[in-house]
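Down below is the structure, laid out as structure tokens.
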Amino acid sequence: MASDTSLPDWPPAELLGDLRNRSVTRDARDFALSTGLVYRAVPQRQGDIPPQDTTIHAPITLLPSPFPRQLFEKAENLQPLYNKLYAQLSLDEKFIKSIMEDTVVHVDEFQARLYAIWQTVLKEGVSQSTQSGIFRSDYMMHSPQQDGIQLKQVEFNVISSSFGPLCTKTSAMHHYLLRKGAYDALHPSLIKENMPENHALETYAAGLADAHNHYVEECRDAHAQRSVKPVVLFVVQETERNSFDQRAIEMLLIEKYAIPVIRLTFEELGKTASLHGRARILMIQSPATHAPVEVSTVYFRTGYSPEDYTESAWDTRLTLERSHAIKCPSIALQLVGSKKAQQVLAEPGVLEKYLGNDADQVRHSFMQLWPMDPNTKLGKQAHRLVREHPENYVLKPQREGGGHNIYKKDILPALDAMEKRDKQREAQGGNHVKECEAYILMSLIEQPEHRGSLFVRANKNSDNAELVKDSVNELGIYGAVLYSPESILKNRSGGYLLRTKSKDSDEGGVAVGFSVIDTPLLV
Ligand code: ADP
Ligand code: MG
């Protein structure tokens with residue numbers, strides 16, 4: 001479904017005047033700082049633990065960005081299907097084996113280690129068959145001929161999907177500025193009805209509460225004999241600057257659901273996590289009282305990237321995976337969230353197997369994707385296409401968190417360097433799988449042009465929001481699912497993230513400084 005809505009010129013010129021810009025920026029900043037729309041301040045040296053007593057406001061836009069209503073609603077409607085799809089994929093052992101063993105584990109040490117844990121636990125027998133997912137499906141507007149705009153998926157996130165809580169606050173900030181009159185007489189579409197409420201924070205908390213309550217219900221008889229209530233464990237990074245995005249979930253879990261949360265790093269867990277009994281109940285030590293506490297649900301806000309692991313962190317990940325706690329996500333889910341799985345799903349007939357008649361709707365949201373294995377027909381086609389027109393593609397490795405993709409003119413030199421290394425390895429009698437097989441190739445999404453935005457960023461030495469003339473938006477929709485091999489127990493969706501970045505920047509990460517948190521103005 002293409003939208004024929006043309007997008008208004010943005011941002012409205014009246015907001016660019018020095019005095020108005022400065023006054024609205026001041027209101028936006030103070031709202032952000034007052035309501036916890038913040039990050040920890042940047043540490044003095046990269047990699048250090050950030051100061052624990054200082055914050056700066058998150059990077060935000062001064063006003064919402066126009067986004068076609070039809071496409072926004074389409075993304076919302078797709079989410080329950082995507083939730084179901086990824087739940088099913090994670091339960092399909094054959095699918096996981098085929099995507100991993102054909103190529104990925106031979107060329108990607110990180111995925112290979114995750115896969116080894118999955119195999120170990122499978123062999124031993126899983127103690128907890130119920131799994132939890134908190135997802136974010138990311139999309140961009142695609143307007144190839146300028147005459148219609150389509151919704152196209154960038155990627156599907158299954159682990160540590162972030163920014164829902166901070167975007168919920170950004171939404172509240174844009175609504176506050178609207179009510180305050182900051183957007184008066186700027187553009188007729190700037191009204192409350194076009195600014196959707198954001199329920200992302202609620203989706204996270206409800207998803208984790210579903211998992212926790214299921215665990216408690218399942219172990220009710222055992223708990224009747226214990227006095228301490230189980231907790232939800234957040235596994236976090238010591239150097240995290242985006243802690244308040246996570247704390248908002250913790251606070252809602254306590255306030256609304258009376259579910260306590262303990263935050264620990266892999267390193268801390270390595271010292272105190274242990275498994276008990278035949279069921280392998282996960283116990284940790286409360287950092288406050290040092291008393292032993294049972295864990296109902298393990299929620300990962302780390303563990304998605306090789307830098308998150310030391311050798312002992314890998315041991316801890318295995319302990320957590322073997323345990324009876326419900327994992328959000330399990331290793332199986334993390335593996336099917338790989339870029340490789342996204343590419344395999346785009347191959348003919350694969351989606352149909354899981355979604356039947358709904359497959360078409362989901363397929364329409366895909367860009368073209370190819371494997372890079374030069375021994376397959378699709379892989380050969382990929383190499384030919386990218387050699388002819390590298391400017392139309394992005395090459396993606398099996399990584400999360402931004403900063404790893406190779407774009408356009410950088411692709412061919414990167415492929416040439418990989419081939420060179422392959423030859424050296426072969427000459428030394430090494431592994432014969434080609435390095436490029438660790439990547440997938442994707443057609444570039446072509447964003448509508450000439451649309452600007454006003455960025456409000458801390459530490460920029462300016463009282464005014466900064467005009468970014470050519471900006472692009474990425475919409476994320478949140479979902480939360482709880483499922484067992486027998487059935488989907490809960491399938492929730494709701495809430496969004498809009499990220500906006502300068503067109504010049506290929507990458508999209510807010511945390512890595514490329515993009516800012518925005519909200520959609522439905523037109
Ligand atoms: P990561 O797991 O690192 O977040 P993504 O697949 O989300 O990887 O890519 C990172 C960013 O690169 C996205 O946020 C988006 O801005 C840009 N990007 C990714 N794929 C495409 C594409 N096909 N067309 C245009 N931009 C893309
Ligand atoms: Mg991404």
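Here are the numbers for this structure:
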item	result
With every protein chain in place, the stretch 25-162: carbon and sulfur % of accessible area (1.4 Å)	45 percent
Dipole moment magnitude, nearest 20 debye, the chain about Cα centre, only Lys, Arg, Asp, Glu C-beta charged	460 debye
Amide proton proximity set for Phe366, modelled H, under 5 Å, gap of 5+	Gln153
Cα lying deepest toward the dipole's positive end in the chain, options Ala112, Asn491, Ile49, charges on Cβ	Ile49
Accessible-area order (highest first, 1.4 angstrom probe) of the listed residues Lys327, Lys271	Lys271, Lys327
Proximal aspartates and glutamates relative to Lys434, as straight alpha-carbon distance under 18 Å, when same-chain residues fewer than 8 apart are discounted	Glu101, Asp102, Asp108, Glu109, Asp373, Asp416, Glu419, Asp422, Glu426
Accessible surface, per residue, of the stretch 250-402 when the full set of protein chains is kept, probe 1.4 Å, Å²	42 Å²
Percent carbon-and-sulfur accessible area, the stretch 368-444, ignoring ligands, DNA and RNA, probe 1.4 Å	52 percent
Phi to ³J(HN,Hα) by Karplus 6.51 cos²θ - 1.76 cosθ + 1.60 over the stretch 316-332, Hz, x for Gly, Pro	5, 4, 5, 4, 4, 5, 6, 6, 7, 5, 7, 9, 10, x, 6, 4, 4
Contour excess over end-to-end distance, with Cα ends at Glu347 and Thr319 and 0.36 nm allotted per residue	6.6 nm
For the stretch 317-466: rounded, prolate or oblate by the Cα gyration tensor [a/c cutoff 1.5]	rounded
Residue-averaged [θ]222 nm for the chain, counting only DSSP H segments that reach four residues, each worth -39500 (n - 2.57)	-11500 deg cm²/dmol
Derived scalar couplings ³J(HN,Hα) [the stretch 343-357; Karplus, 6.51 cos²θ - 1.76 cosθ + 1.60; whole Hz; x for Gly, Pro]	5, 5, 4, 7, 6, x, x, 6, 4, 4, 4, 9, 10, x, 5
Solvent-accessible area, 1.4 Å probe, carbon plus sulfur percent, for the stretch 210-335	52 percent
Relative intensity, log₁₀ I(q)/I(0), of the chain from a Debye sum that treats every alpha carbon as a point, q = 0.07 Å⁻¹	-0.40
Lysines with Cα under 21 Å of Lys353, excluding same-chain neighbours fewer than 8 positions away	Lys84, Lys94, Lys97, Lys339, Lys340
Average accessible area per residue (Å²) across the stretch 1-147 - probe 1.4 Å, nucleic acids and ligands excluded	44 Å²
Ranking by accessible area, most exposed first, for His404, His450 with a 1.4 Å probe	His450, His404
Candidate residues Asp504, Asp373, Asp18: accessible-area rank, largest first, probe 1.4 Å	Asp504, Asp18, Asp373
The stretch 249-309 shape via C-alpha gyration tensor axes, a/c threshold 1.5	oblate
Prolate/oblate/rounded label for the stretch 113-179 (Cα gyration tensor, a/c 1.5)	oblate
Equivalent ellipsoid dimensions for the stretch 368-444 as semi-axes, Å, which come from the Cα gyration tensor, largest first	20, 14, 12
Qualifying lysines (Cα of each under 16 Å from Cα of Lys327; at least 8 residues distant if same chain)	Lys490
Counting all C-alpha pairs of the stretch 158-218, share separated by more than 16 Å (%)	58 percent
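The values are calculated or read from the model by the stated rules, or taken from the named source; none is laboratory data. Everything quoted here is computed from the prediction, not taken from an experiment. FYI the Cβ positions are ideal-geometry reconstructions off the backbone, even for glycines, and counts take in every protein chain you see. Only protein heavy atoms, including side chains, enter the accessible area calculation; ligands, DNA and RNA are left aside. Shrake-Rupley method; radii C 1.70, N 1.55, O 1.52, S 1.80 Å.
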